[in-house]
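To start, the structure itself, in structure tokens.
Read-outs throughout are calculated quantities, based only on the coordinates presented, and are distinct from any laboratory measurement. Because the structure is a prediction, the values reported are computed rather than measured. Cβ placement follows ideal geometry from the backbone for every residue including glycine, while neighbour counts extend to all protein chains displayed.
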Amino acid sequence: MILFSLWVVRPFLPATIWAVTIGITTWPLLLRIQKLLWGSRGLAVSVTTLIALIVFVLPFWLATTTVMTHSADLMQFGETVMKFRLPAEPDWLAHLPLVGPKLTSLWQRFENTRVPQLVDNMVPDTGHIIRWVLNYLGGFSMLALQFLLTLIIMAVLHMKGEAASALVLDFGNALAGQRGKDMVMLAGRTIRGVAVGVTVTALVETAVGGLGMKVTGVPWASVLIAITFIACLLQAGPGVTLIPAVLWMYIFQSPLNATILLAVTILTIVIDNVLRPYLIRKQANVPLILIMLGVIGGLSAFGLVGIFVGPVILSVTYTLVKSWLAEARAASPTTASAKP
């Protein structure tokens, strides 16, 4: 009956999963705000919903709508990129100390290669990729409806947070006793760690990378910033947009601006490799590689909500197997002291 119930409410599952994820992540914040607002749960829920709107919903809305708005331009740009050929080397390249002659020779070698044609054969049609992404995201109205449902469900969960938590803990206890309750707590910590680690890291990387693109005068900066945020959420990293932007700046713009953007790119990649693991491991004490595999695999299996579903499944499974093996070792006869 539970499976049939999930099948019936299937249209609402994405919004519900997002709402549960954001609700679990912001629950400690809700309790702190409630203490500051004279113990009023209603006021605290209103403030927390506004914070969730600004931190979790608004950036994703702006990014997806920006990409949707410029979808035709992006498809045309993708076709232009596939026809791109490396121009003649700039004059200043040969005058660089020590590396100038080597870089000039390397540039001339790549200038006459058929790299665009090779990429064209290996990579699917750019327009097809963009159309697939837009079809996945849906239209503006459907996207707005999903976000609205997410905020409403999250507010309801916050209002009845203690009852919902007790219900889930009782369900875990009915399934597997104390171990079931421990798995529920682990799932909550994992969701909070992944949500904070992925979202906050994506926001910081996008802010740093976007500032660098704006300062150095990269064209289409707003669209690239939106794509950067989506790429960071999908665990592709900021280099998806920043590295091509650096190469473009070195070819068509001044070396100074290109070098500044290169420094910003290196900084964002460092943030990606330091901040995200720290935030995730702070909440969930499971191997980081397991979290990352869960994010990527969950994304492939369940879509965007899989970013949070995948790590929870792998983390709970890992802990169960680890506990099971520990009990099996404790129950088996000790042979460590036995000698042949």
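Spin-label model, K160/H95: points 7 Å from Cα along the beta carbon direction are separated by 7.3 nm. Between T104 and T69, the C-beta separation translates, for a Förster distance of 41 Å, into a calculated FRET efficiency of about 0.50. Each of V295, T206, L247 was placed along the dipole of region 196-340 (beta-carbon charges, centred on the mean Cα), and the one lying farthest toward the positive end is V295.
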